[in-house]
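The values are calculated or read from the model by the stated rules, or taken from the named source; none is laboratory data. Just so we're clear, the structure is a prediction, and the values are computed from it rather than from any experiment. Every residue, glycine among them, receives a Cβ derived from its backbone with ideal geometry; neighbour counts consider all protein chains shown. To get the accessible areas, we keep the full protein, side chains included, count just its heavy atoms, and leave off ligands, DNA and RNA. Shrake-Rupley method; radii C 1.70, N 1.55, O 1.52, S 1.80 Å.
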Amino acid sequence: MRAADGVRRKPSDFGYVWTHNYNTVSESSGYGKNSFIFRNNYLNDGEHISVTASSMKGNYRASKNIQLNPISPKIILYETTGQKGTLYERAIDVNNYFLIGGEGTSIVAEPYYFSPKNALSRELAYTWTVNDQRIIPPGPKNILSVRPETDGIAEVRVIIESASRLFQSASSQLLINLQTNE
């Protein structure tokens, strides 16, 4: 940051006053404290954060406010094949039938906006069902392999829940069109 006199100032040259939901956070405020970490309250619709930075002499001062609104956890489904891997460039459209031919395929459930960043974290529990029958995948818990034995339509559903975070869960479902011969 450059001051009006052209001299470059360091973050440690300023004192910071942080507020969270309009309450000053004393332990996060002070000279050189130019970052703020907080845990949002899941019962709030949003979190209001503000900071005021001022120079030691008090001749420079700036403030900024931000409203952070939480995003609900969600699941995006992708197809994965042995040859090409997971096709992250093309999510499965859960609003249309997903065609699975005689070779079969695998469906990957990727959790977004969950606290654990790793989809295979122990904190995340997956529940897969096909036509309301619980399925336990033999491989990674976020991948369901499907190989048609008969022609028809099936409903696949996955629910992901966080064991350590209250209210962190999501579900996704899709209808698949099974065809034994292509």
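Computed values, structure above
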item	result
Solvent-accessible area per residue for the stretch 1-73 (1.4 angstrom probe, square angstrom)	73 Å²
Carbon/sulfur fraction of accessible area - the stretch 142-182, other protein chains in place, 1.4 Å, %	44 percent
Residue of THR105, THR52, THR86 that the Gaussian network model of the chain assigns the largest fluctuation, springs spanning Cα pairs under 10 Å	THR52
Alpha-carbon Rg/Rh ratio, for the chain, with Rh computed the Kirkwood way	1.21
Formal net charge of residues neighbouring SER164 (Cβ-Cβ distance under 14 Å; K, R +1; D, E -1)	+2
Residue (of GLN67, THR129, GLY82) at the positive-pole extreme of the chain, dipole from beta-carbon charges	GLN67
FRET efficiency estimate (nearest 0.05) - Cβ-Cβ, THR180 to LYS74, R0 30 angstrom	0.40
Theoretical gain in end-to-end length, ILE66 to GLU89 [0.36 nm per residue, Cα-Cα removed]	5.1 nm
Solvent-accessible heavy-atom area per residue, rounded to whole Å², over the stretch 107-182 at 1.4 Å	60 Å²
Gain on full stretching of the segment that runs from ASN44 to ARG157 - 0.36 nm per residue minus C-alpha separation	37.8 nm
For SER55, net neighbour charge (Lys/Arg +1, Asp/Glu -1) across residues whose Cβ lies under 9 Å away	+2
Cβ-placed point charges (K, R +1; D, E -1), dipole of the chain about Cα centre in debye, nearest 20	1320 debye
Of TYR126, TYR22, TYR88, the one that fluctuates the most in a GNM where the chain has Cα springs shorter than 10 Å	TYR22
Rounded to the nearest 20 debye, dipole of the stretch 5-45 from Cβ charges on Lys, Arg, Asp, Glu	180 debye
Selection from ASN96, PRO116, PRO140 lying farthest towards where the dipole of the stretch 66-168 points positive, charges on Cβ	PRO116
